[in-house]
1. Which residue, chosen from Phe84, Asn70, Ser46, occupies the Cα position most advanced towards the positive end of the dipole of the range 10-155, where the dipole is computed from +1 (Lys, Arg) and -1 (Asp, Glu) charges on Cβ about the Cα centre?
2. Which label belongs to the value computed from this structure, given these candidates for percent of Cα pairs over 26 Å apart: [x] 54; [y] 46; [z] 33?
3. Helix-derived [θ] at 222 nm for the chain: sum -39500 (n - 2.57) over DSSP H runs of at least 4, divide by residue count, nearest 500?
4. Rolling a 1.4 angstrom probe over the protein chains, ignoring ligands and nucleic acids, what is the accessible area of Asp91 in square angstrom, nearest 10?
5. Which order do Thr109, Thr138 take when ranked by solvent-accessible area (1.4 Å probe, heavy atoms of all protein chains), largest first?
6. Let me check something: with ligands and nucleic acids excluded, how do Phe59, Phe95 order by accessible area (1.4 Å probe), largest to smallest?
7. Just need the relative contact order of the chain here, percent rounded to a whole number, with Cα pairs under 8 Å and 6+ apart.
8. Ignoring ligands, DNA and RNA, how do Leu147, Leu97 rank by accessible area with a 1.4 Å probe, largest first?
Amino acid sequence: EQEARDAIKWDVIVTIAAAFGMSKALQNSGVAGIIAERLVSLAKVSGTGRVGLLTAVYFATFLISNVVTNNAAAALMFPIAYAFADAAGVDVMPFALAVAFAASGSFLTPYGYATNLIVQNLGSYTRGDYLRFGLPITVTYSVGILLMLHTVYFA
């Protein structure tokens, strides 16, 4: 019984719960909409348009998912991605998919998934191992996902 209690990773549970709370706060306070409107304006000025927005959503989610769990990253980024699509007047689906794929692409650190942490401990892997082996996977995965989303939704 005590072993089962000790196995619960409270920091992971608290992080995920806090991310859902922050996600709701971003939506309710209007901060997600403000961020989205400013970034949509920046995309228009830079000439990158919806492809730039989609790429920004993908990489922001990807970066967050390498620091916190994938669930927390998706919960934080989805309201912003939704607001991006709404502010740009485009279909929300590629933005939702960008969040889902990016949150699932945590190859650079062990923090995105509990299984990464388990493998790290059992295999005695270092953070450098994740970076060394995860970087080529990350580049290939990210380019493939972004090309697929662009081709399916914006071509």
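The values are calculated or read from the model by the stated rules, or taken from the named source; none is laboratory data. These numbers were taken from a predicted model, which means no experiment stands behind them. For neighbour counting, all protein chains shown are included, and Cβ atoms are generated from backbone atoms with ideal geometry for every residue, glycine included. The accessibility values were calculated without ligands, DNA or RNA, using every heavy atom of the protein model including side chains. Shrake-Rupley method; radii C 1.70, N 1.55, O 1.52, S 1.80 Å.
1. Ser46
2. Recomputing percent of Cα pairs over 26 Å apart here gives the entry labelled [z].
3. Values: 8 runs with 127 residues, N = 155.
Only helices count here, giving -27000 deg cm²/dmol.
4. Estimated to the nearest 10 Å², Asp91 gives 90 Å².
5. Largest to smallest exposure gives the sequence Thr109, Thr138.
6. On the way: Phe59 85, Phe95 0 Å².
Reading off the accessible areas and sorting them downward yields Phe59, Phe95.
7. Numbers: 177 pairs, mean separation 35.2, N = 155.
Reported as a whole number, the value is 23 percent.
8. Values: Leu147 105, Leu97 50 Å².
Order by accessible area, largest first: Leu147, Leu97.
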